[in-house]
């Protein structure tokens, strides 16, 4: 199977991480999670990590310049060239998407699809409170969801205008959601059920 180049979108708590892991198992792309990269930097106490921690603790998003640099460097790695990628948590804004479009154009590897995992606000809030992370206070969750709506939601229109957006119902059993995602990807790749 050819390398796939995917973006997975959705509100925090929509199940992106769970579904991303399943998609990596089925299609083989490198899972590139900006959240994981940032949490690793925070844990190791690097200057970037300390800067990111302060932003994340207050529920704010890390700036475009910093994130674009991290992602651009990662996309240039040899494993990504061979296996493709699944971006999780990036891009978050139309400006980041434009930067991504530029990285991919330079590499001559267009995006296959942007999958939006659609889960209602009440459901994602309940999921985030239940998982009990230190940065998942109700106030921080509310701020992140408000930021998502104001800054990230326009990204859906950006991908839609380019014919790259696929909205997938993220409610229901994990397997059912995965099947919906797989159907969309297979359709985009022009393959049957040959996984």
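The values are calculated or read from the model by the stated rules, or taken from the named source; none is laboratory data. Keep in mind it's a predicted model, so treat the numbers as computed, not measured. Cβ: placed from backbone, ideal geometry, glycine included. Neighbour counts: every protein chain shown.
Residue-wise test of (1) under 15 Å from the mean Cα position of the chain (by Cα); (2) touching a residue at least 40 places away in the same chain (Cβ under 8 Å); (3) part of a helix (DSSP H, G or I); (4) more than 18 Å from residue 89 (Cα to Cα).
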{"site": "133", "(1), (2), (3), (4)": "no, no, no, no"}
{"site": "143", "(1), (2), (3), (4)": "no, yes, yes, no"}
{"site": "150", "(1), (2), (3), (4)": "no, no, yes, no"}
{"site": "155", "(1), (2), (3), (4)": "yes, yes, yes, no"}
{"site": "159", "(1), (2), (3), (4)": "yes, yes, yes, no"}
{"site": "163", "(1), (2), (3), (4)": "no, no, no, yes"}
{"site": "166", "(1), (2), (3), (4)": "yes, yes, no, no"}
{"site": "171", "(1), (2), (3), (4)": "no, yes, no, yes"}
Among the residues of the range 23-44, the number that are assigned to a helix (DSSP H, G or I) and buried (at least 17 other Cβ atoms within 10 Å of the Cβ) is 9
* To do: Output yes when any residue across the range 103-111 is modelled with pLDDT of 95 or more and within 22 Å of residue 169 (Cβ to Cβ), and no when none is.
  => yes
Within the range 45-84, restricting to residues that are touching a residue at least 40 places away in the same chain (Cβ under 8 Å), in contact with a strand residue (DSSP E or B) (Cβ under 8 Å, 6 or more places away or on another chain) and part of a helix (DSSP H, G or I), the one that is surrounded by the most Cβ atoms within 10 Å (Cβ to Cβ) is 75
Would a scan of the range 93-116 turn up a residue that is outside any loop (DSSP other than H, G, I, E, B), surrounded by fewer than 21 Cβ atoms within 10 Å (Cβ to Cβ) and touching a strand residue (DSSP E or B) at 6+ places or on another chain (Cβ under 6 Å)?
no
